[in-house]
Amino acid sequence: MKKAVVLLSAGLLVLSMCTLAGAGQVGNIRVVGEEKERGFALELQGEHITRQMHLEERATLAATSYTTEYEYDYRPPDPVSGDTGYIYRDEYANWAYLDLAGLEEIETIDRYFLKASYTTNLFEIYGKFGVGRLISKWEHYWMEGFLGSGGSYMDDWYYHDGEEWIFDYTDEWGWGEEYDFKKESPVELGLEQSDWGTFYGLGLKYIFYEKPDFRVAFDAQYAVQRNKQRGFFALGGSYREWYWEDEEGDESYGEVGFGARIDESETTEMHLALVLSGIMGKLSPYGGLKFSNMSTKYDGSMFVWVEYDGFYIEKTLDTFAYTMKQKDSFGMFAGADYHFTDRVTGKFEIRILDETALSTGLQIAM
């Protein structure tokens, strides 16, 4: 049995190191006083995390085109002789190809979750479930590609002779243009804060060395957080505007623009940690080292809009996805548990290097 446990632990260690697998709080080796507490425990946790992230591979945001047709009949329903009216018809075409590279960002995560654990002589198995939100702030990027738009307009003018609408004449005109697009930092708009989403994780501690006042364990953990994003970032804003005034002094205004939305994100976190823990009466300080692998996949949509005399049309060009990776994989952590009673324990932990994080919690042994 002991041999099987050792083999299982070694396999878990090798697997975690091969993936360079950091999933938030590491946690102490569970104790009460000077004796390890066996059985179930529940823990309410909160944590605040900040990480430096970067885009490893170039991402394509849009590579598509579309055409939109629009018709508007402006002939008053109760005309009198001499009134004029028109049927307005237009067609817009837009196309784009955009690449994103060199993106660096700061991700900030807030979480509240319930941790349930079960401890034996050698192992602690635990699971986490709760809510989390994500804020992404772009620090640097490079974007390039080309954008184009075109349109044709046709107005059929009518006049009313007192009995019916009579066709008078047709106005037609059109336009089209394309240009190369290049944009580099600084960023004008970053991503907004996400909605609260689901967070869950699984972990295992293997306690391989123990003395009355000192213990050493490996901790392996995997966690996922999913969020609906509310972010919008303008890649170029309006790239064509026009304004004119007719003979009667009526003003007209038009604009074509483009942008991108981040619709949702999925953060995946793994870590392998070496935990060193001591016992000093009611206080149990601990610390250690960890290797982590954290990434966030963003899914979004590229769109264009056309605004003309108060009418607004928006069309999705394409959907896109890109993945951000953490810049540093090596981290350190330290914390302490304070045992208020044999069953109630307060918890505190800080983490640095691969992430800057603070975790606090309250554990109740069952």
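The values are calculated or read from the model by the stated rules, or taken from the named source; none is laboratory data. If you're wondering where the values come from, they're calculated on a predicted model, not measured in any experiment. Ideal geometry is used to build each Cβ from the backbone, glycine not excepted, and the neighbour counts take in all protein chains shown.
Overview of values
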| read-out | value |
| --- | --- |
| Test: residue in region 207-219 that is part of a strand (DSSP E or B), closer than 25 Å to L134 by Cβ, modelled with pLDDT of 80 or more and out of contact with any Pro (no Cβ under 9 Å at 6 or more places or on another chain) | yes |
| Those residues of region 31-77 which are at pLDDT below 90, hydroxyl-bearing (S, T, Y) and closer than 30 Å to M143 by Cα, in sequence order | T60, T64, S65, Y66, T67, T68 |
| Breaking point among (1) outside any strand (DSSP E or B); (2) over 30 Å from E105 (Cα atoms); (3) of a type outside the set (A, V, I, L, M, F, W, C); (4) at pLDDT below 80, for Q193 | (2) |
| Cβ pairs under 7 Å, 6+ apart, first in region 311-324 and in a strand (DSSP E or B), second among the charged types (D, E, K, R) and crowded, with 19+ Cβ neighbours inside 10 Å | M324/E105 |
| Failed item in (1) closer than 21 Å to F113 by Cβ; (2) surrounded by fewer than 16 Cβ atoms within 10 Å (Cβ to Cβ), with T316 passing the rest | (1) |
| Residue identified as assigned to a strand (DSSP E or B) and surrounded by fewer than 20 Cβ atoms within 10 Å (Cβ to Cβ) among K290, K297 | K297 |
| Tally of residues being closer than 17 Å to K282 by Cα and of a type in the set (D, E) across region 317-366 | 3 |
| Number of the condition not met by V26 [criteria: (1) within 30 Å of L283 (Cα to Cα); (2) at pLDDT 80 or above; (3) in contact with a His (Cβ under 8 Å, 6 or more places away or on another chain)] | (2) |
| Of all residues making up region 163-182, the number that are of a type outside the set (D, E) and farther than 17 Å from Y74 by Cα | 7 |
| Near pairs, Cβ below 9 angstrom, 6+ apart or cross-chain, from region 77-91 (over 15 Å from E163 (Cβ atoms)) to any residue that is among the β-branched types (V, I, T) and at pLDDT below 80 | D90/T68; D90/V306; E91/T67; E91/T68 |
